Structures are given as structure tokens and as C-alpha cells.
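The next block holds one structure in the form of C-alpha cells; read it before the comments.
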Amino acid sequence: MYKPGENAGPESQSALGTSPRPQAVPARAQEHEAGAGREEAQRRGELAVQEADVAYSDRRISDSVKARCSQSTLVDARHVEVSTLGGIVTLRGWVRCAAEHAMVVGLARRVHGVLHVVAVALRQYRRLRGKPRA
């Protein structure tokens, strides 16, 4: 037998004077939305950590190259500046000869994490030969 309000759809409930109940969002849908937000926040956090790791490893690479140059007896590390960005090492400054230039570049290439070495700005001293003019 039919009883008013029983098994009635939203149309019949409003006709009977009762307001329809708001549809509840399934728990799985809420979990999915929360999970998507969590995943997005986690992804943003991971990107920030990756950027921090890159900056830390760049600093570590630069420090390692400087340390190797200063430990070498064939290289005058006081005149060599080292900078690193994304694993690419840039060498600037002055060296005494082509052999010292090759030594600095070789030392930089052997450091873990170095992808490429740019030594265009690493130049040799130019010495004047003979007596300087008065």
C-alpha cells in the first residue's frame, strides 16, 4: 500500500510540502577531491624541494671544483672564479699557461654532477717580452 512520502522522488516530495533532501556527495568523491588537492600540494612541494636540491647541488659542485683547484699544485686557484647553474660549470679568471687551463677544465669535468664546463672566460696572462717602453 502507498504511504505519502514513501519511495517518492523529489517532485512528489515537494508536492507533498516537504522539501527534498540535498543530495549527499558520496564519500569516495570527497576522498578523490581531497586526494587531488593533496597530490597537487605534494607536487608543488616536490618541485620546491627539487629546486632547492638543484641550488644545493650547484653550490656543492662549485665548492668541489674550487677545492680540487686549490689542492692541485699545478693550478693557482686564487685567480680562478667558479660558478655553476644547473650542472653547467663556468670558469672565469686568469691562468698562467695552456697546461694550467687544461688542468682546471679537467679538474672541473671530473667533479660528480658536472654536465658541461664552459671555460671561455678563462684566459692566459699576456706577458710583455723585452723591455717596456719608457
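The values are calculated or read from the model by the stated rules, or taken from the named source; none is laboratory data. All of these numbers come straight from a predicted model, not from anything done at the bench. Don't worry about glycine lacking a Cβ; one is built from the backbone with ideal geometry, like all the others, and counts go over all protein chains shown.
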Check your understanding: Which of the residues that make up region 100-114 are over 18 Å from Thr73 (Cβ atoms) and surrounded by 11 or more Cβ atoms within 10 Å (Cβ to Cβ)?
Key -> Arg109, Val111, Gly113, Val114
Check your understanding: If you go through region 82-104 one residue at a time, do you hit one that is among the acidic types (Asp, Glu) and within 11 Å of Ser62 (Cα to Cα)?
Key -> no
Review point. Would it be correct to say that Val104 is modelled with pLDDT of 90 or more and not in a strand (DSSP E or B)?
Key: yes
